[in-house]
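**Q** Before we start, here is the structure in question, set down as structure tokens.
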Amino acid sequence: MVIGIVGLGLIGGSIALRLSEKYTVIGVEPCAETAAYALEHKIVSRVTDYAGLTGCDVVFVCAPIERTPDCMRRVYDAVGDRAIITDVASVKGILPALPGARVIGGHPMAGTEFSGIRAAKAHLFENAYYVLIRADETPADWETVAGLVRDLGAKPVAMTVQEHDRQVAEVSHMPHIVAYALAATPSDVTIAGTGFYDMTRIAHSDPQFWCSVIRRNKENTLQAVERVRARLDAMTDALTNDDGDVLQKLFAEGQAGRIRLEEDRPNLEEYVLSADIRDEVGALKSIGDLLASENINVCNLQIVHSREGEGGVLRLGFRTRGDCSRAAVLLKERGYL
Ligand code: NAP
């Protein structure tokens with residue numbers, strides 16, 4: 001297959017890096033310096049103009065979100081219905097109507113706080129969800145793009161445009177608004193621990209990028225913010241009225257929601273163990289060596305909370321139930337569970 005990529009930044013460059021291991025990848029990139037970097041580092045085999053995309057089987061549009069509709073029209077003008085056109089924009093309601101085009105909208109649910117080709121990584125999408133907009137009338141095209149998504153190491157998930165934009169408002173756009181608000185709030189704090197850092201981590205993200213994305217998913221995001229506001233109001237009222245029962249009930253609903261989130265991960269199969277580790281040199285290495293000695297692969301790793309000087313809880317994710325069970329036996333024998 002020949003793959004075209006329009007916009008060789010963080011996302012386009014990462015797709016190019018991974019897919020060029022298996023396919024011929026050519027790029028369209030307006031920035032001469034970025035184009036030169038992509039050629040020098042063999043991220044693409046050729047940089048071309050839109051006309052040069054003729055001959056591609058699939059073209060990924062990875063330009064900034066505000067440029068995506070125009071880039072998709074230009075790709076369609078160049079390739080017609082000979083190639084599948086897919087995009088990576090974080091909001092799907094922006095996709096232009098292109099009658100006759102073979103469009104499969106997409107959104108890789110992975111990224112970093114950095115942008116540009118220098119931040120691109122071949123493994124950026126490993127184990128991430130990758131939403132592909134349902135295309136019930138063109139299942140073969142959907143499957144072709146899904147195959148490329150699997151080549152990236154990601155998990156294709158089928159959704160409609162409306163489902164996607166509503167869900168990203170809840171799990172991504174509203175949380176960014178909350179994180180930006182929260183991170184701007186404390187004025188003179190010296191004891192912020194991991195909880196506060198966890199909750200504000202995504203406030204590190206580029207304000208310009210998120211402003212551009214969220215404004216394009218305005219109604220869904222406003223509704224999601226409104227639901228959080230209603231919860232905050234209920235908790236504020238309960239606290240104001242010193243109503244412990246109501247406050248505790250509201251907290252318990254939040255706790256249950258978090259547990260459900262961890263249990264219902266429909267497309268990312270992951271079996272999880274929580275191990276106790278001490279806050280000392282080599283603690284992580286000991287567990288890593290132990291699991292490696294039995295050829296057990298850890299696919300996800302997280303320190304859930306670490307209390308200064310007291311150690312912490314290490315959350316280990318495994319791809320198979322078998323790996324998880326074998327790890328549990330080993331960790332128990334050594335007193336980590
Ligand atoms: P990025 O690093 O800034 O890359 C965008 C690239 O497109 C840059 O190389 C840019 O060149 C180029 N470009 C600008 N205008 C163009 C045009 N008219 N035609 C072709 N290329 C053009 O941005 P990104 O983070 O990769 O984001 C790209 C898309 O991915 C966006 O739609 C975004 O919503 C989506 N996305 C991003 C993330 C994330 O975490 N960043 C995650 C999922 C999806 P210049 O450097 O010259 O501007």
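**Q** Quick one: would you say L39 is open to solvent by 50 Å² or more (accessible area, probe 1.4 Å) and either more than 9 Å from the ligand (Cβ to nearest atom) or in contact (Cβ under 8 Å) with a residue 12 or more places away in the chain (or both)?
**A** yes
**Q** Regarding region 113-131, can at least one residue be identified that is away from the ligand (no atom under 16 Å from the Cβ) and either touching a residue at least 12 places away in the same chain (Cβ under 8 Å) or of a type in the set (K, R) (or both)?
**A** no
**Q** Please determine, by comparing only the residues of region 19-36 that are part of a helix (DSSP H, G or I) and more than 10 Å from the ligand (Cβ to nearest atom), which one is most open to solvent (accessible area, probe 1.4 Å).
**A** Among them, the one singled out is A36.
**Q** Also: Considering T160, T194, which residue is over 17 Å from G111 (Cα atoms), modelled with pLDDT under 95, open to solvent by 40 Å² or more (accessible area, probe 1.4 Å) and in contact with a strand residue (DSSP E or B) (Cβ under 9 Å, 6 or more places away or on another chain)?
**A** T194
**Q** Can you run down the residue pairs with Cβ atoms below 9 Å, 6 or more apart or on separate chains, where the first is in region 66-90 and part of a helix (DSSP H, G or I) and open to solvent by less than 10 Å² (accessible area, probe 1.4 Å) and the partner is aromatic (F, W, Y) and within 12 Å of the ligand (Cβ to nearest atom)?
**A** From region 66-90, the pairs are V75/Y50; V79/Y50.
**Q** Which one is nearest to the ligand (Cβ to nearest atom) among residues in region 91-108 that are without any contact (Cβ under 8 Å) to a residue 60 or more places away in the chain, in contact with a strand residue (DSSP E or B) (Cβ under 8 Å, 6 or more places away or on another chain) and open to solvent by 20 Å² or more (accessible area, probe 1.4 Å)?
**A** Per the stated criteria, the residue is V103.
**Q** Also: Which number in (1) away from the ligand (no atom under 11 Å from the Cβ); (2) touching a Cys at 6+ places or on another chain (Cβ under 9 Å) marks the one condition that V6 misses?
**A** (1)
The values are calculated or read from the model by the stated rules, or taken from the named source; none is laboratory data. Here the structure is a predicted model, which is why all the values come from computation and not from measurement. Because the Cβ atoms are built from the backbone with ideal geometry, glycine has one as well, and the counts that use them run over all protein chains shown. Protein only, heavy atoms only, side chains kept; ligands, DNA and RNA dropped before computing areas. Shrake-Rupley method; radii C 1.70, N 1.55, O 1.52, S 1.80 Å.
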